[in-house]
Amino acid sequence: MRTAFRRLIGLVCFLVLWEVIVRLGVLPAAVVPPPSTVLVRFAGLFSDARFVPDAVSTVLSWFIALALAVTVAVPLGVLLGSIRWLRLSLSPIVEFLRPLPAVALIPLVILLLGSGAQTKIALAAFASVWPVLFNTIYAMGEIDRQLLETVRALRTPPLRRLFTVLLPSIAPFTLTGVRLSASISLVVLVSTEYLSGGTIGVGQFVYLWGTSAGRMDMVLAGVVFIGLVGYLVNQALLSAQRRWIGWAATGGAV
Amino acid sequence: MNGGRRWLDFARRWVVFVVFVGVWQLVAYSAANPYFPPPSGILSAAGHTWFSGPASHLYLSGAFTDDILPSLGRLLAGFAIAAVAGIPAGLALGRSARATDYVSPMFFFARAVPATLLVPVFLVAFGIGPRMEIVTVLWGAIWPILLNTIDGARAVDEVKTETARAFRISRSGWIFGVVLPTALPKVFAGLRLALSLAIILMVVSELMGGSTNGIGYQLINAQGNFQLPQMWAWIVLVSLLGYVANLVLSAVERRALGWHPGFQAEEV
Amino acid sequence: GCSALNGSSSSDSTSGTNNAGLEKTKLTVGILTGQQGVSTKLAEKYGYFSQQGLEVTSKMFASGPAAFPALLNGELDFAVTNYVSFFQAIAQKTLQAKVVVDVDQLGENSLVVIAKPNSGIQEPKDLVGKKVSIHQAGSIAEVLLRATLKDHDVDPNRVELQTVKFPDIPAALASGQLDAGVELEPYITQAERTQGAQPVLKIVTGSTANITSAGFVALDSFIQKNPKTVAAFQKAMVPAQTAAADRSKLLEVLPDLTGVDKDTASLLNIDVFPTSVSAAQLQRVVTLMQNYGGLSAQLDASQYMVATPQV
Amino acid sequence: MLEVAGLSHRYAGRESQLAVTDLSFSVDAGRLVCIVGPSGCGKSTLLRCIAGLIRATEGTVRLHGDEVTGVPADLAVVFQDYSRSLFPWLSVAGNVEFPLKSTRMSRAERRSRTDEALEWVGLSGARRKYPWQLSGGMQQRVSIARALASRPALLLMDEPFASVDAQTRFELEDLLRRVQREHGSTVLLVTHDIDESVYLGDRVLVLSKSPASIVADLTVDLPSERDQITTRESGEFVKLRGEVARLLQNRELAHSPERNA
Amino acid sequence: MLEVAGLSHRYAGRESQLAVTDLSFSVDAGRLVCIVGPSGCGKSTLLRCIAGLIRATEGTVRLHGDEVTGVPADLAVVFQDYSRSLFPWLSVAGNVEFPLKSTRMSRAERRSRTDEALEWVGLSGARRKYPWQLSGGMQQRVSIARALASRPALLLMDEPFASVDAQTRFELEDLLRRVQREHGSTVLLVTHDIDESVYLGDRVLVLSKSPASIVADLTVDLPSERDQITTRESGEFVKLRGEVARLLQNRELAHSPERNA
Ligand SMILES: Nc1ncnc2c1ncn2[C@@H]1O[C@H](COP(=O)(O)OP(=O)(O)OP(=O)(O)O)[C@@H](O)[C@H]1O
Ligand SMILES: Nc1ncnc2c1ncn2[C@@H]1O[C@H](COP(=O)(O)OP(=O)(O)OP(=O)(O)O)[C@@H](O)[C@H]1O
Ligand SMILES: [Mg+2]
Ligand SMILES: [Mg+2]
């Protein structure tokens, strides 16, 4: 309760600051509309018949991309984290792939996968694999060695070892990776929709209704929507983290 | 680590990579798609783009000084600021649940917002030029550092907290001697993620507009002019940059985490 | 794929009048926002496609080149693109394609240099030493600006060219990051209304007057395999183009293509909508690109078009 | 049952360290062997080698005639660092039951074994607590219970009673002997308490200071039924205890802790 | 020097647990008080309250007449869970030196204190190793050295010699008494070894089983110069040791470990 209150205070402070800065003319209102305007636009979004399918597409794609990234990255991270030679052999490829900017790859991926939602989902999943993968690998390295020895001495079969010891140990930090990935995949998703088109989505909406008409209020209303969805999912992940791995002191709050 | 082991590791590292490139060449060559030139084509385009300069410049073309160096500068500036701001902020927030409460909603909002959408805002607030590009890099690169550091800082073991308190460890001793070392492995995970994100955002920032040089600018220009082998050359350069940057960071990490039993085997 | 993910913007009822003999009736086309997409939307709305026995689904792309990969992998049958990108792709052999419909020609107010009213820029020579945006290197904006400067004996190299995207130019002008910028609609009107910037210089005039800017292209392979479908598509677009020139009709669909409000829309400068492909017009673009856009290949425009069939 | 031959182990790394050198001994099935030796001499290292947790740099360990390469089946270990060997996300009962879940035991059987082991070590009342809610001695008893619950053929215990009070220690010692004889387990137990080594063991292995080698291998000639009071008063006990103490002291000559670092 | 009055502590949480109840005693400066009591009775909790690490739910602790609210200055603690109280990223010497860095001590002074303390516990040779490269007993000695290096006025030790061998233990006991008398430190030491409590202490506090209260407060009437052999043979020692043993056993009546969980 108190936490929620503090968050609210923080948010209100931020909004007030923004409003004041715009009203004082530090930033021109045509470029950065004040929150009062943006929030009104934001409220109006939901009565816009075109926005709803856009939002559904983006959010759905987001879940798919994130789920894809997690299902690839967690097992791979556990594998690479525990098998040294595999990690060494794959690291050049991983390190060459990692810095590839999704945005520059758009045409290539469209060529392979088509211009539908597959492309943005693939790009978002690609970009969001890394935080989960890396945090998982690092978390594997940080498991107390005494604990690992104990499991070995108990001859826990590999699968059980994975589910009862490795996963609980790495879960907090891996989840932090997931939360990072959540925002990165959202960013890539929206950017792809925005920069390439060919599909529907909030990015496309913002492009059509905001940018192509020079309407920053619409752009920021879209941004607020994106941020809000992101925030809600982040909260969901956090509370899952608290519930399932409450024993750990670690596990983020941001 | 003895010599034999070293060689084995080296071989393991590169055999897979060489096989990867070989398969790529084969597939791309037989596909003959203009968007996917084979590595050999990319190589010749790269030679043409970067090594066509006069002998007095070691055959380097102007691309080095005009595009690659400025990009590197912006990349490093953005990354350095992200690290310098992110680590201390992460340590502070990790140890103070209350401060975290106040900022957490804004943090998620901020990190879910694509920099591409905020170009006009950045343009107005920071102007055309390096400042805006650095901010764009910072905008994306700070989050992994911040979040991972927060996580790391929270993970101080109860017994160690009590030990530090019982011995009345000074504030700086607590932060630099206990919290930071505890967080360090996670901080490094964050730094490595941030580094590749910084490279990506460096490219993105240059193609969002306002730039007149840089790797990303040339990349998108090559793409726009359908000089696809050149575009691939720039893409490969970005990869290479990421690889080298990561190598440097790993070396730093090996030193800083030398004590860590879990990271002992990482010498290569 | 799944309709919730991709949405479904398929329009046009199937009640075609004559689809006899068409190789392919279900088409997917890539269109652009703004006035370059108007005619397609009008063709959908008024059934020009179905009159030709075609069932057309349009997909919105952010730019012509963004649609090329989709064209190449067969997902799109036709795509609107600007000609500068098209000829560049042709020259680089990225695309083997032809123009089938000329969609959009620039009017003298469609693409102009805008600046703040007190900028003191009135003539091409005033741009010397100024920061001027051209959207992207090698774009039509750059080509036309250079041509205009050259026509007025101003050395283009003495102008500091910047690449700020069209939508961002008003903000950059307002904050003093730019002195001037080549801008198009609806941003010109938008900038006039909200930021007080003004058109100060025409660049689609004189030697560049009525230059054609964008059209539908299709792959050679597609054209070879589906000649009747191509013809049907071209025929359908003729009335559509005519309709687009009618401001009242244009205003019916333009708000669907951008977020401009009605007030702004009624103030917009309208482009020219040709009803046939002209080799001479396309050749002008090629020549301009050869002179000012770094195009080195010798291209004969008539090789890269399919003439509009006589109705 | 257990044969250790020419075992040496050197820890790799910058500060490489020879921990055990050329150790050879064998243990018959159903015996309880106590190992004593100075701090840091290599006792834990020896147990780790036997458990197959680390691979000795030289020499072999054979169990039932087979060379130990991985962790053998039917083995349980009580680690010296008990607090870190418990799973913080499992309750006390969960920790004890954990290894049983990897076997093909029925649920009911697991529960009864868990309950029994917890009762043995006097922790029935704490079964739903988490390890970090326990005192040090209680944690240690949880790890003993976990090892006993699986009724191992070979039980390795590294200073298992170091953190419990004298009274509890006596009880646990008797418990260990009883359980061991009931199930015919073979036990290797490292201890620092000389009295304990004699009281518990059928044999006492005395190790030298680091790197560990065998100084003496004493057979304890006490009746297998032992009693905390009478046994400790018996002449044989006092004699043996004196002998072990002397061996430990002598062997290190003017021993000063500085040297065995 | 130290006064504990009406101290009670209850751990909050789902399984709330009264660990200490209504404890009162006082310790004069320069005394060495040993605390014995059954496993899990609340000894560590008591030390944590005195150190100001946790706030007792009831009662007060006064040091030099001031109520303890935070961690008092001039205090050092040897934790029961020694392995987790060492910082893995610091070498042995670094660990010992670490608390000294928070004082206004010169570099040279710090170094010499560190070296001295490491020599006391016999770890001069291991100064550059990391804690996880040490055996259990060595880790425990590092944490003893760390506490001694700061020459605290009040030293709280929680089973500090549990993991070292008998010989080393004797030496460390003598070391502790010597250092304590040289610096006039006050020491509270929890132990499970009844002999040790009598040998080391000026007083022995016997605690009841959980929740801890004071069963007896025995004064040890042995000369302050003690010797491992002669003192342990003296009649007074034997008498006291018997008394403590009896108190521990009696108090719990037909004690069975089940009950003190
Ligand atoms: N992981 C390790 N890396 C390097 N050296 C180690 C490691 N573990 C132990 N050693 C060294 O090996 C030697 C023996 O250690 P070991 O833990 O076997 O001793 P021990 O007999 O169990 O001592 P204690 O009774 O104190 O527990 C010690 O000198 C120690 O420093
Ligand atoms: N963090 C905690 N949360 C809840 N209960 C606790 C906690 N720490 C200790 N207890 C409980 O308090 C009681 C006393 O614990 P304490 O650690 O003080 O015992 P102790 O006398 O030191 O025992 P030992 O000799 O085994 O170390 C125990 O019953 C224990 O379960
Ligand atoms: Mg040991
Ligand atoms: Mg305790």
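Laboratory data are not the source of any read-out in this text; all were calculated from the coordinates shown. Just so it is clear, the model here is predicted, and its values are computed rather than measured. Cβ: placed from backbone, ideal geometry, glycine included. Neighbour counts: every protein chain shown.
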For the pair B:Arg255 and E:Arg181, what calculated FRET efficiency results from E = 1/(1 + (r/R0)^6), where r is the Cβ-Cβ distance and R0 = 51 Å, to the nearest 0.05? 0.70
Hey, got the average number of other protein chain Cβ atoms within 10 angstrom for residues in E:127-140? 6
Tell me what chain D gives for mean residue ellipticity at 222 nm when only DSSP H runs of n ≥ 4 count, each as -39,500 (n - 2.57), the sum divided by the residue total, rounded to 500 deg cm²/dmol. -10500 deg cm²/dmol
Per residue, the convex hull volume that the Cα atoms of region E:123-191 enclose (Å³): 88
Phi-derived 3J(HN,Hα) across region C:225-239 with the Karplus relation (6.51, -1.76, 1.60, θ = phi - 60°), rounded Hz, x for Gly and Pro, is 7, 10, x, 6, 5, 4, 4, 4, 5, 4, 5, 4, 7, 4, x
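For a 18 Å ceiling on Cα separation, which of these pairs sit above it: C:Lys41/C:Lys249; C:Lys116/C:Lys202; D:Lys43/D:Lys209?
none
Write down the percent of antiparallel bridges among all DSSP beta bridges whose residues are both part of chain C, to the nearest 5.
Antiparallel bridges: around 60 percent, rounded to the nearest 5.
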Considering the dipole of the protein assembly as shown built from charges on the beta carbon (Lys and Arg +1, Asp and Glu -1) around the Cα centre, which of E:Phe237, B:Thr136, E:Leu46 is farthest to its positive end? B:Thr136
Under 5 Å between amide hydrogens, which residues at least 5 positions from D:Met157 or on another chain qualify, with H placed 1.01 Å from N in the peptide plane? D:Val78, D:Leu188, D:Leu189, D:Val190
Could you tell me the distance between the Cα centroids of region A:188-229 and region B:207-247, to the nearest Å? 25
Residue by residue through region B:122-131, which ³J(HN,Hα) values in whole Hz follow from phi under the Karplus form 6.51 cos²θ - 1.76 cosθ + 1.60 (θ = phi - 60°), with glycine and proline marked x? 4, 4, 6, 6, 10, x, 5, x, x, 4
Per-selection metrics, region B:193-241 (Cα): Rg and Dmax in Å: 10.4, 32
Mind checking the dipole of chain D: about its Cα centre, +1 per Lys or Arg Cβ, -1 per Asp or Glu Cβ, Debye to the nearest 20? 920
How many Cβ atoms of partner chains, on average, are near each residue of A:217-229 if near means within 10 Å of its Cβ? 3
Working from the alpha-carbon coordinates of chain E, get Rg over Rh, Rh being the Kirkwood radius. 0.96
Dipole-positive endmost among E:Pro211, E:Pro152, E:Val164 within region E:151-220 (Cβ charges, Cα centre): E:Pro152
Only Cα pairs under 8 Å and at least 6 apart count here; give the relative contact order of region A:36-244 as a rounded whole percent. 31
Which residues' amide hydrogens lie under 5 Å from the amide hydrogen of E:Val215, considering only partners 5 or more residues apart or on another chain, with H built in the peptide plane? E:Val206, E:Leu207, E:Ser208
Taking N as the number of residues in region C:127-266, what is its Cα Rg relative to 2.2 N^0.38 Å? 1.29
Tell me which residues come under 5 Å, amide H to amide H, from E:Ser8 once H is placed; ignore anything under 5 positions away on its chain. E:Asp22, E:Leu23, E:Thr57, E:Glu58, E:Gly59
Counting only Cα atoms, I'd like the Rg/Rh figure for region C:88-205, Kirkwood definition for Rh. 1.01
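Identify the chymotrypsin sites (Phe, Trp or Tyr not before Pro) of region A:10-92 meeting these criteria: DSSP loop state and at most 14 other C-beta atoms within 10 Å of the C-beta. Don't skip to the answer; put the middle values down first.
On the way: sites: A:Phe14, A:Trp18, A:Phe42, A:Phe46, A:Phe51, A:Trp62, A:Phe63, A:Trp85; in loops: A:Phe46.
Within region A:10-92, the qualifying chymotrypsin sites (Phe, Trp or Tyr not before Pro) (loop, at most 14 other Cβ atoms within 10 Å) are A:Phe46.
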Region E:163-253, convex hull of Cα, quarter of hull surface, nm² -> 6.4
Scaled by the rule-of-thumb 2.2 N^0.38 Å, the alpha carbon Rg for region B:38-263 gives a ratio of 1.21
State, as an integer percentage, the relative contact order of region C:162-311 based on alpha-carbon contacts under 8 Å between residues 6 or more apart. 22
Expressed as a percent, the portion of alpha-carbon pairs in region A:155-209 spaced more than 19 Å apart is 54
Most mobile of E:Met157, E:Met138, E:Met105 in a GNM of chain E (Cα contacts under 10 Å): E:Met105
If we hang a label 7 Å off Cα along the beta carbon direction at E:Glu233, how far is it from the matching labels on the other copies, in nm, shortest first? 2.2
Let's test the formula: R0 of 30 Å, r as the Cβ-Cβ distance of E:Arg128 and E:Thr69. What FRET efficiency results, to the nearest 0.05? 0.15
Can you give the percent of C-alpha pairs in chain C whose distance is more than 24 Å? 53
Normalised per residue, the volume inside the convex hull of the alpha-carbon atoms of the protein assembly as shown in Å³ amounts to 203
Just to be sure I understand the model, the point goes 7 Å from the Cα along the line to the Cβ. What's the resulting B:Ile175 to B:Leu247 distance in nm? 3.6
Run the dipole for region B:75-184 about the Cα centre, Lys and Arg Cβ at +1, Asp and Glu Cβ at -1, nothing else charged, and hand back the magnitude in debye, nearest 20. 260
For region B:38-263, what does the relative contact order come out to in percent, with C-alpha contacts under 8 Å and a separation of six or more? 26
Taking the Cα centre of the protein assembly as shown as origin and charging only Cβ (+1 Lys, Arg; -1 Asp, Glu), how large is the dipole, in debye to the nearest 20? 420
Take B:Val15 and B:Phe64, extend 7 Å from each Cα along the Cα→Cβ direction, and tell me the distance between the two endpoints in nm. 3.6
Calculated P(r) of region E:37-133 - Cα pairs past 16 Å, %: 66
Roughly how crowded by other chains is peptide C:90-100, in terms of the mean Cβ count from those chains within 10 Å of each of its Cβ atoms? 2
Estimated vicinal HN-Hα couplings, Hz - region C:281-287 in sequence order (Karplus 6.51, -1.76, 1.60; Gly, Pro = x): 4, 5, 4, 4, 4, 4, 4
With point charges of +1 on the Cβ of Lys and Arg and -1 on the Cβ of Asp and Glu, referenced to the Cα centre of the protein assembly as shown, which listed residue (B:Leu247, C:Thr81, B:Phe122) lies farthest in the positive direction of the dipole? C:Thr81
Please pull out the direction-averaged projected area of chain A, using the convex hull of its alpha-carbon atoms, in nm² to one decimal place. 16.5
